[in-house]
Amino acid sequence: SQKIEQNSEALNIQEGKTATLTCNYTNYSPAYLQWYRQDPGRGPVFLLLIRENEKEKRKERLKVTFDTTLKQSLFHITASQPADSATYLCATSGTYKYIFGTGTRLKVLA
Amino acid sequence: GAVVSQHPSWVICKSGTSVKIECRSLDFQATTMFWYRQFPKQSLMLMATSNEGSKATYEQGVEKDKFLINHASLTLSTLTVTSAHPEDSSFYICSAGVRGALTGELFFGEGSRLTVL
């Protein structure tokens, strides 16, 4: 079945460093991948979408890559700040519904 | 971006009562809305896909008589948890996409925390 995996359940990094989160997909070839941020007790917020024919996409301090050979998307936050601490979800659309990864809880230490 | 409003943000009820959660798209029309349930430190679990003017499509294992979904207009979908029990306590989130059912980004409501005593 179509599946998305975010292997790191939690990630702690020091303020100012670059955080890199990984999303792997199996058993299909998505046309695009999305990344969302979710704060505790809140609904997810859309951050970025990258299509299969795009290698890289940027938005301010955020960068997303899409490697169809590795079946993987990487999500980078440069110059990370404590305010970036949250859970980050990757997602894509399957046959009839959106498929979400389990998320990575990022904590940026001051 | 598009705004999805969800109400109430939290509700506490007694076991056996019913609770209704509303999900509104404020600045766009949503022919399809999705209802999710989320347990602590877990990802989103799709419960059902709500289609305007037709019956909702429920995921396997989700009781449609327990979780009633109504999508009567292009801007409003409701989830009613009937005869709620403590095991129904959870975080419920709705979402909709501007560009159609499975195209582009999803916009989520703020979520509704249900506690059943």
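The values are calculated or read from the model by the stated rules, or taken from the named source; none is laboratory data. Predicted model only: the values in this text are computed from it and were never measured. For neighbour counting, all protein chains shown are included, and Cβ atoms are generated from backbone atoms with ideal geometry for every residue, glycine included.
Just so you know, in the stretch B:59-117 the residues that are of a type in the set (Gly, Ala, Ser) and touching a Lys or Arg at 6+ places or on another chain (Cβ under 7 Å) include one that is farthest from B:Gly16 (Cα to Cα), and it is B:Gly111. Residues of the stretch B:77-92 include at least one that is over 15 Å from the mean Cα position of the chain (by Cα) and without any contact (Cβ under 8 Å) to a residue 60 or more places away in the chain.
Looking only at residues in the stretch B:38-52 that are among the hydroxyl-bearing types (Ser, Thr, Tyr) and part of a strand (DSSP E or B), the one that is nearest to the other protein chains (Cβ to nearest Cβ) is B:Thr49. Checking each residue in the stretch B:1-37 for being within 11 Å of chain A (Cβ to nearest Cβ) and without any contact (Cβ under 8 Å) to a residue 60 or more places away in the chain picks out only B:Tyr36.
Within this structure, A:Lys71 passes the test of being modelled with pLDDT of 90 or more, at positive phi and of a type in the set (Lys, Arg).
Counting only strands (runs of 3 or more DSSP E) wholly contained in the stretch B:53-117, the ones carrying 2 or more residues that are away from every other protein chain (no Cβ under 14 Å), surrounded by 22 or more Cβ atoms within 10 Å (Cβ to Cβ) and in contact with a strand residue (DSSP E or B) (Cβ under 6 Å, 6 or more places away or on another chain) occupy B:67-73, B:76-81.
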